[in-house]
1. For the list (1) in a loop (DSSP other than H, G, I, E, B); (2) not assigned by TED's automatic domain parsing to the domain that holds B:Met359; (3) not small (Gly, Ala, Ser), I need the number of the one condition that B:Leu417 fails.
2. What do you reckon, is B:Pro434 in contact (Cβ under 8 Å) with a residue 60 or more places away in the chain and not assigned by TED's automatic domain parsing to the domain that holds B:Leu593?
3. Mind counting the residues in the range B:391-421 that are free of Cβ contacts under 8 Å to residues at least 24 places away in the same chain and among the β-branched types (Val, Ile, Thr)?
4. Counting just the residues of the range B:710-723 that are buried (at least 18 other Cβ atoms within 10 Å of the Cβ) and more than 25 Å from the chain's Cα centre (by Cα), which one comes out farthest from B:Gly639 (Cα to Cα)?
5. Wholly within the range A:73-149, which strands (runs of 3 or more DSSP E) include no fewer than the required count, namely at least 1 residues that are in contact (Cβ under 8 Å) with a residue 40 or more places away in the chain and more than 14 Å from chain B (Cβ to nearest Cβ)?
6. Could you tell me which numbered condition B:Glu569 fails, if it satisfies all but one of (1) away from chain A (no Cβ under 14 Å); (2) assigned to a helix (DSSP H, G or I)?
Amino acid sequence: MAKICLYLCICYSILLSNLTSYAQTNSEKNVVIQSQEERYEFVVSNNAENPVNVKQSLKVAYACEQYRTTIPFAEFYDDKSKIEEVRVYVDNDRRKDVKPVFANYSIDDIFYSDAKICGLQLDLIKKGVETRVELEKTFFDPRYLTSIYFSEYYPVTSKVITIVVPRWMQIEMKEMNFSGHHISLNKTYDNKKDADVYTYTATNLPANEKDAQAPGPSYVYPHLLMLAKSATTPGGAQRYFNKTEDLYAWYHSLVQQIGDDEGIIKQKALDITKGISSDTAKIIAIYQWVQDNVRYIAFEDGIAGFKPEAAQSVLQHKYGDCKGMANLTRGLLKALGFDARLCWIGTDHIAYDYSTPSMAVDNHMICAVNYKGKRYFIDATETYIGFNQYAQRIQNRQVLIENDKSFILDRIPDCKYTQNTEVEKRTLRVDGNALVGTVQHLWDGESKEYILSQVNGTRKEKIDNALLRFLNDDNNKYGITNIKSSDVNNWNQQLSINYDLRYQDAVAGFGDDMFIEMDFRKELNDFTIDTTKRKSDYLFSFKHHVRHETDLDIPAGYKAELPANLSIDRDGYAFHLTYTQTGSKVIYQKEIIIRNHWLAKSAFKQWNEDVQLLNKAYLEQVTLNKK
Amino acid sequence: MRFLTLGLFCMLLSEMASAQSRKVIEKYNDRAAAARAEVWSWEIDAFNNPDLKKIDTKQSAVVLAKHIDVKLLSTKNVTASLIKFYVKRDFYYGTTVREMVKINDKVALEEYSQFSFNKFRRLNGFRAKATSIIGVRIIKPDGSIKEVKVDEELVTEEDADKQQKSKLAIPDLQVGDIIDYFVLVEEMKATGESIDKQLFVLGDDKPIKRYSVHCDISDKFALRYTTANGAPDFAIEKNPDETTFDLVVSDLPALPTELWMSPYRQIPNIRMSINYGAFGYGYGGITVPPGGYSRNIKDADIINTSELMAKEAYRYAGSRGPVEYVDAVRDMIKIYQRDNEKLNKDSIPYYVYYAMRYMVFYRVLPQSRINVGLARNMHESNNMLFISLLAFTLRELDIKSDVVLATNRYGPKNGELLDPTDFEFILKTRTVKPVYMSSAGVFSHCNNFSTDYEGQDAHVTNAVGGAQRKNDPPFVSKVKIPYSKPEENLRQEQYTISLDNKMEQLQVERTTTVKGALRTAAQRELLLFEDYYESERKALGVRESFMEAFADSRKNKSLAEEYTNAFAEARKEQKEAFTSDVRDQFEVAPKELTSFKVRNMALRHDQPDFVYDTKFSLEGFLKKAGSSFILDIGRLIGGQLTIKPEQRERKVDIYEPYARTYEYSIDIAVPAGYKVEGVDKLSRKVDNDCGSFMVAGELAGDKLHLSVRKVYKHAFEKAESWNNMLQMIDAATDFTGQKILFKKA
């Protein structure tokens, strides 16, 4: 009988060729990590290049609490670390048939990375039965062990992190986001190893959240920030990142090795700025040339992940990562005599600043130019943003600016929402059951960058129709003709688009009355946040500022009845909808402001109430009654 | 990123050694250098003197020239440099695709700026490998040519199959440049190894100024090919030891549209199959000797080979393993008949079909993975094996079946066939009232055709059923698969709507009926395994459910508990699915989904209509206008297909999925104290040869009744009918803007 069952099983799998591709997803409550033990020990290595290693040993015990399933397990490594052994136990029996797969880890938007993944498929064979993974991993350089996180993809019942720090090793461990979690520390001394042993015990850690538009993990999850300072080994003293100066010194040493060819770069800078006399115009020309002509391709490959590619190489390739693009921008500007500097920066995905000397502090490089007592920052990876305008992800972030052997700490300006103002002005009149007139749009800052990215991401032969569908919101009654736009290849000015409009059937006529909906776009309509599902703060892509006005001629013989105004003003945002009558015109004005792109969970209730009011206000109509 | 691993080489089964020795790399580099020198020196004028004058700069990119070179050579004809590089086997198979493309915008720049390919792939057999070589040149607007030093620019990654993947970011490529690149895939293969088919498509999403093909086929090979949709034939030349096939076409426009197309039937193409060996190709009625070729093979010969294939599948169904399914179904019938009345002969095919479907999709064994969520509804079977198991089971029960060979509306048509796989295989019982069976999924019905076969002239073969007997019904060798009628593929919505006291929400009680070809998609989204399993188990007379069996077993007792937990999880998923169903229909999420209930799961042909109820509230449809309220009544029929501006002109025939009808019967209670205005403006009547859109509104007391009906009358329309289609589609889109007024009385 067992044989028959096996046979049937085989047949079943033949027939159901796509069984695995449609596997049931696990509920949040099904899989848990019952216990996890992580041990990190700093050890002396024989390798002169990497005299201190960190040995990690990991034991993770999974169980299903509701029904059996299969889950993926992944551990990452790269050129600076190695996974030595992986063992799987099911119900305490070693499973040698479960073999790990080692492969390069492909990350969206990164062309090449040295990140690798060790992956396993783990069977959780029965409720209450433990499946355990054990692995040994070595970090060749303690600087690359930047943080140790407590929470995981699944809820963790119990986690013990042990860190063995011999007294010859100087390290600072910063406890981050511990508040609200049950994490305790027990510190002991190991005589034999002459080492301090830090044992953190955490219980009942919730699973990591999977919300979109959420803050980076370093803002949210409990973790230890590992700051390797120095070590005294038999091979001599090792200096790591004791202070920010050390971090900068290492960065600076890498920059010293770049080897830019100033002759080539100067010639190109002169070509780009040929015929331009004003300094500001030259800076803008260089910035726009790099934005327009150098494709951003991300490389994260060992030391190349920290050292910029030579400017002439980026120039020749016409592609580069952020470091290569920043270095080329700096080179071109310096060649023209400007005081241009490289800047290291952590985008707003990272919670730290340079008070913490660690490689975890930054993930990006830009260029700064000091001109007439003012400092401007240039990030050519933002392809369609204008000079002296800044993307949300770098705004108000601390920057480490090169200054030969020392460095300067500064901040990117925290731009107001007005940088990104989007204006629409409609002048309309009633024609039968249509509204006709003219419309003018203006976009600036990141709202302009968004539109230009869409335009340039559309195939040339489809742009006209795509633009039309964007402007008419896919409503073919919103008839647009005679479109005129400003130069879409110049993002150092506002983008303007003007057109004639015939909005068919926009006037609902019943008897002697006409009803008109004055708002066509209804931004944030229904943008309530499901508080039963969302666990993270919400991050808008950028600070929004929408300013729309519709002027409507009241037809002769009619009088207007106007809806009530709406005015909501909170710390982080404001909604203002106003209707006024001026002579024979109804003027509808709308201003939506997202002052703070970070909407905290604590503000969700108020936000939802306010959006409900906005929804309701959007439903109100202007009534034109026959006199 | 452009992935240059040609489609036809993707079917690899083996793995690649993790690292290549330096010697191999050196040899590869030498071979690559030779290949580049050879390709760049091709004497094709379109590459050497591209016509840059009449380039359409409004297009994102224009293919100035595309050439495909196929070489199938006996190893004795292969050059020494190749033999040095590869381990000598029986024959050499090389395909080079070269394209020269003018880049006119950043989208095209992005498309051609990164390449990914596998330098080496191991093939079946000792030290056998396939190699990919690429070459890239950039022609600047001033005419200067820069060759990319591929080996210096490559980065290499290793994927989970231990295959090394090379990535190349093209340096110094800008808008306005011309990229001239090729990829050459070379294989050394042995007798018996398959040769991937070639498909030459005379069209792309960008215009092609010159498209050419050259094939050198040694006399060791037998070749078959089919030209379709007006593709020109090859110029064929016989040389000593080989035959050459050449094709040149010019000025191919960009493909017209993506809406309602059947590319295999509308885009000119040539499909080619090649076999190696002393006996050439011989299967069924098709015989091609080595050195020979067969062009546009007769359908009768393809049918003949298809019969053989059906026979082989039938034999396999009776072999150890698959036959266990047959036995299990026979056992189910025995138990059913023991517990119920005896099945009459007409009912047996139906029972067998649903029992086999149960075995494949419903049955749960202790070792099965727990998968009771909505994802389970997507499972499909291998059709050939499924119908062969059915045929075998029926034969055991003394019912013979024939196999119907039908082309797919979205595949090659009769007269342009190349292989048996161009047919879909359908089972037809040899009974007075034939029963048709095919394409099993979780919710497929017996005696129900996929709409993909509609309108096809299908061939019937008795290869499986055997020769006609005296008592058999008359054999018909051809059947026309009928088109389904629009009323057979129906989605019917009935709404009873009232307004809440605040005049903000619509309270909707909705009954949805889904029929025919529209049914399965709705079932997949909404039905729960727990429910349909139990329904079918009972209908088939299976005495014990798997839950009962597990609960009674000491070994599997805990499984029953785990399944209970998984069912509870799936029920939550189902509620989300019903919420999504409302959102999909009205393009806005319900404020609240109060209840949902499936009235009829439509699991079988004799209860074919999927019917369910939902009760919910909607916001955003009522708009305040002074003391009155406007109802967006047109939005109640949900989002309608909108034709994009670029799609409004059409010169190609229209392949719709099937004829279909959408009906809405809407009753709205007029709130007390209000009167309704605007009902008279709701009526519509567009009715032409292609479709209709009709609306009738009627006010009776305090009830407003609206009936809306949208019909796509046919599955296929000629291009000339496009304006009629637009009339109907536009009328429906236009109606979505309609409003009525509730005026304070």
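1. Just one mismatch for B:Leu417, condition (2).
2. Here the answer is no, as B:Pro434 does not meet what is asked.
3. Residues that pass the stated criteria total 1.
4. B:Ser721
5. Those strands (runs of 3 or more DSSP E) span A:81-90, A:131-139, A:147-149.
6. Result: B:Glu569 passes all but (1).
Here is a yes/no grid of residues against (1) of a type outside the set (Phe, Trp, Tyr); (2) touching a residue at least 40 places away in the same chain (Cβ under 8 Å); (3) in the same structural domain as A:Met176 (by TED's automatic domain parsing); (4) buried (at least 18 other Cβ atoms within 10 Å of the Cβ):
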site	(1), (2), (3), (4)
A:His223	yes, yes, yes, yes
A:Met226	yes, yes, yes, yes
A:Thr232	yes, yes, yes, no
A:Ser253	yes, no, no, no
A:Glu262	yes, yes, no, no
A:Ser278	yes, no, no, no
A:Tyr287	no, yes, no, yes
A:Arg295	yes, no, no, yes
A:Lys307	yes, yes, no, yes
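Listed here are the residues, each with its yes/no results for (1) more than 30 Å from B:Ser113 (Cα to Cα); (2) crowded, with 17+ Cβ neighbours inside 10 Å.
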position: A:Ser113; (1), (2): no, yes
position: A:Gln121; (1), (2): yes, no
position: A:Leu135; (1), (2): yes, yes
position: A:Arg143; (1), (2): yes, yes
position: A:Glu152; (1), (2): yes, yes
position: A:Met169; (1), (2): yes, yes
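The values are calculated or read from the model by the stated rules, or taken from the named source; none is laboratory data. Nothing here was measured: the structure is a model prediction, and the numbers come from that model. So basically every Cβ, Gly included, is an ideal-geometry build from the backbone, and we count neighbours across all protein chains shown.
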